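Below is one structure, written out as structure tokens; comments come after it.
Please treat every number below as a calculation from the coordinates, not as lab data. Predicted, not measured: the structure shown is a model, and the values here were computed from it. Cβ placement follows ideal geometry from the backbone for every residue including glycine, while neighbour counts extend to all protein chains displayed.
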Amino acid sequence: DTAVSQTPKYLVTQMGNDKSIKCEQNLGHDTMYWYKQDSKKFLKIMFSYNNKELIINETVPNRFSPKSPDKAHLNLHINSLELGDSAVYFCASSRGVGSYEQYFGPGTRLTVT
Amino acid sequence: AQTVTQSQPEMSVQEAETVTLSCTYDTSESDYYLFWYKQPPSRQMILVIRQEAYKQQNATENRFSVNFQKAAKSFSLKISDSQLGDAAMYFCAYRSAAGGTSYGKLTFGQGTILTVHP
């Protein structure tokens with residue numbers, strides 16, 4: 001059983017399009033995260049939700065909007081995609097905000113052409 | 001804001017030998033957690049080892065151990081008896097133990113690519 005899953009694993013799209021990446025965890029965790037890994041492999045947090053409430057919102061363009069319909073899901077919607085959005089996006093979860101172990105999904109490689 | 005620096009973009013080691021990956025961090029906090037994550041070519045992020053700042057004893061997990069120097073803000077990873085499967089990118093990461101708007105956030109270093117030669 002996959003603990004943290006993401007769909008799709010690969011996404012190729014054109015500039016200006018709107019796309020979503022879905023994340024689901026079956027660990028019963030309360031906290032979920034989105035990280036972005038750029039072309040130089042640098043990883044940076046984007047958002048964090050705890051019990052469906054936004055708790056971390058780093059400096060991310062407002063074209064990116066996370067949505068958490070329930071504790072097990074945290075989706076990432078991106079409007080008006082730009083070339084610079086090309087990256088690998090990782091979803092992660094942890095038991096709680098204070099829990100130090102985060103479990104990562106397999107990542108979604110987004111390519112904007 | 002906290003920063004994490006990995007000064008070795010690439011390292012290599014012979015199979016069965018020992019290698020040490022370096023990490024330094026900058027923080028004004030006294031309570032925090034440090035981690036090493038492994039990212040193999042599959043790109044899955046795998047937690048290798050963690051260290052609580054309040055613990056003086058260095059963490060160990062089988063062939064992996066850390067040298068945590070709190071005063072020097074240094075957190076190196078030692079891999080003993082290196083195996084081909086250890087080849088990956090390794091990331092050092094910091095997490096605050098304090099509350100606030102960044103609670104739970106992992107701050108990563110730039111990564112070190114480890115090559116293991118047979």
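A few points about this structure:
- Diffusion coefficient, µm² s⁻¹, Stokes-Einstein with Kirkwood Rh over alpha-carbon pairs of the protein assembly as shown at 20 °C and 1.002 mPa s: 118
- log10 of Debye I(q)/I(0), alpha-carbon scatterers only, for chain B at 0.14, 0.15 Å⁻¹: -0.54, -0.62
- Of A:Y33, A:L43, A:Q6, farthest towards positive along the dipole that unit charges on Lys, Arg, Asp, Glu beta carbons give region A:5-52: A:L43
- Computed magnitude of the charge dipole of chain B (debye, nearest 20; Cβ of K, R +1, Cβ of D, E -1): 280
- Each of B:L77, B:L84 was scored by other Cβ atoms within 10 Å of its Cβ. Listed from fewest to most, they are B:L84, B:L77.
- Spatially proximal aspartates and glutamates relative to B:K55 (Cα-Cα < 20 Å; intrachain offsets below 8 disregarded): A:E101, B:D26, B:E29, B:D31
- ³J(HN,Hα), Karplus 6.51/-1.76/1.60, whole Hz, each residue of region A:104-109, x for Gly, Pro: 9, x, x, x, 10, 8
- Dipole magnitude for chain A: computed about the Cα centre from +1 point charges on Lys and Arg Cβ and -1 point charges on Asp and Glu Cβ, it is near 200 debye.
- Averaged over the residues of B:35-44, the number of partner chain Cβ atoms lying within 10 Å of the residue Cβ comes to 3.
- Look at where the Cα atoms of region B:39-118 and of region A:8-86 average out, and the two centres are 24 Å apart.
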